[in-house]
1. Compute the distance in nm between two label points, each set 7 Å from the Cα along the Cα-to-Cβ direction, one at T299 and one at L318.
2. For the pair Q445 and A383, how long in nm is the line joining their label points, each one 7 Å along Cα→Cβ?
3. Taking a label point 7 Å from the Cα of A311 along the Cα→Cβ vector, which residues of segment 400-423 have an amide N closer than 18 Å to it?
4. Got a number for carbon plus sulfur as a percent of segment 350-426's accessible area, 1.4 Å probe?
5. Between L438 and R216, what length comes free when the chain is fully extended (0.36 nm per residue of separation minus the Cα-Cα distance, one decimal in nm)?
6. For the chain: lysine pairs with Cα atoms under 24 Å, gap of 8 or more or different chains, count?
7. Roughly what angle does helix 152-163 make with the longest principal axis of the chain, taking Cα atoms, 0 to 90 degrees, to the nearest 10?
8. Any idea what angle helix 318-330 forms with the longest principal axis of the chain, computed on alpha-carbon atoms, 0 to 90 degrees, nearest 10?
Amino acid sequence: MLIIGDVMLDRYVYGDINRMSVEAPVPILAIDREVRMPGGAGNVLRNLTALGAAAAFITVVGDDEAGSALTALVGGQANVEPWLLVQGGRTTTEKTRFIAKGQQMLRADREQTNPIHPRLAERMVRIAVDAMAATSVTVLSDYGKGVLAGDVPTQLLAAARASGRILIIDPRGVDFSRYAGADIVMPNRPELAAATGMPVDTEAAIVAAAIVLRERFEFGAVVVTRGNDGMTLVDVDGVRHFPAEAGEVYDTSGCGDTALATLAAAVAAKLPLAVAVRLANIAAGVVVGKVGSAVARDTELLAAVSPERSASRKIVSLEEAAELAERWRHRGWRVGFTNGCFDLLHPGHLHHLESGRAGCDRLIVGLNSDRSARVLKGPTRPAQPQEARAAVLASLASVDLVCVFDEDTPERLIRAVRPDVLIAGGADGIEELFGLDLVREWGGQVTVADMLPGHSTQGMLERIRG
C-alpha cells in the first residue's frame, strides 16, 4: 500500500475533575496520563498495519516537537516505509483532547493549513512516483491541511494511471475536479452535498447525488459513508446499500479512516468491490465501540464476520485487552484483574474466579505463558500448553478476557489494562501481591478472593501421578 496525505498528532490527556477553579468558573483537570498517536492519514496507516498490510507513507511535518513525535511514532511501526518530509517553520497539526470520566471536556487544535512549499510538493510527488512501482494501491487521505493542496492530487492521479495503480481517495472540500478520474472516492454525506450542491437528506437523494458525482468526474466508484446509516456504493454495476453493523456506538473518532484503510486493503487483496465495502462497513462498526481514534485489527474483523460466537474470542492480545478495559471503564464498569498459570483447572480455581468476578463488572485473567509458567513452577510445569489453558479459561462465564503474558511477572499487562480491582487468592498475603503498588498508584482497590480448602494444582498432579 501507498498512503499520501495530511498527518496530525492526536493527543489524549486523561484525568479526573473533582473541583472548580477559583480563578474562573471552569473545572480543574488533574492530569493522570497522556497518550499520543498518529492521526489523519497517520490513522489510516495505523489501521492498515493493524490489518497486516505493509505500507509506504508519505507526508509533510513541521520542524517542531509535534513533527518529531510523529516521526518517532510512524517510524516505530512495523512494516512501514516512512517518508516524513520536513518543512522548516511549518506548524505540524496537533489535536489535544482533554478527557475526564470517559467524557471529552475540551479539544485544543494547533495547525497550519496553507499549501506546503512548492519545491517540497514536487519532491513528494517524485517520491510517490517511485513508491507506486513497489505498491499495488495508492490512498490519498486529504484532510485539507495543505499536503494535497492545488494540483498535487492531479499529478498523483496521472502517475497512478501511468503505472497502472489503483487510486482511492478520501476527499475534502468542494472542488472534486482535482480528483477527476480516480478509481474510488469515499465522501461522507456533508462532503457529497458540498461537492454536488444537491440534497442528501434521504437515501434516494444520496443515490442521486452520488450518481451525479460519479458521472461528472468520471470516478470508477463512489462510496458514501453515512454514519449511523452505513454506506452506499455506486459503480458501474448499480447501487448497493450496506446498513450500519455497529453494536453500540461509543466513539466515532477515526471510523472514516478505518473504513478507508479496510476498503483499500480489501481492494489490494483483489476482493470484489462490494465485498470490500461490506468489510469496510463492518470494520467501522468495530471501532465506533472503542475509545478515541482506535483501529480494527485483523483478528477483530475475522471475529466480526464469523457466524459463530466462539469463546475463543475472549483470548486477546495485550493491546486488545487495554482497549477493551478502557471501553468498559468509560461505560462505568469496574475492571478486575487476576493472574496465574491455571494449570489443570480445578474447583479451587473456579471458586477463585467466581469470587473475584463477583467484586467487579468485568474480569480479565492474565495467563502465564508456557515459558513463564516454567520459570514460576519448575521444569515439569505446565501440564497443559498455554493454548489449552487459555481455551478452558475463556469457556468460563466468570471470565471476560484472557491475555497470555510471556514475562516473568504480569507488570506490563497490569500497566496496560489499569484494573480498578486487583484480585488475590486467599493463600496470598496482600502485601506480597504483585501489582499492589501499581494499582494503588491510580486509586485502584485490592481484594482477596475466597479460597476453597483442599484444592490445589500440585495436589491434583500428585494424585494423578499416584
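1. Inter-label distance under the simple model: 1.3 nm.
2. Result for the modelled spin labels: 3.5 nm.
3. 400-404
4. On the way: 1530 of 3070 Å².
Carbon with sulfur: 50 percent of the solvent-accessible area.
5. Full-extension gain reported as 74.0 nm.
6. Working: K95/K145; K95/K290; K101/K290; K290/K314.
For the chain, the number of qualifying lysine pairs is 4.
7. So the inclination is approximately 80 degrees.
8. For 318-330 against the chain, the angle is about 90 degrees.
The values are calculated or read from the model by the stated rules, or taken from the named source; none is laboratory data. What you see is a predicted model; the values in this text were computed from it and never measured. In this analysis, Cβ positions are derived from the backbone assuming ideal geometry, glycine residues included, and neighbour counts consider all displayed protein chains. Accessible surface is based on the protein model in full, side chains and every heavy atom, while ligands, DNA and RNA are left aside. Shrake-Rupley method; radii C 1.70, N 1.55, O 1.52, S 1.80 Å.
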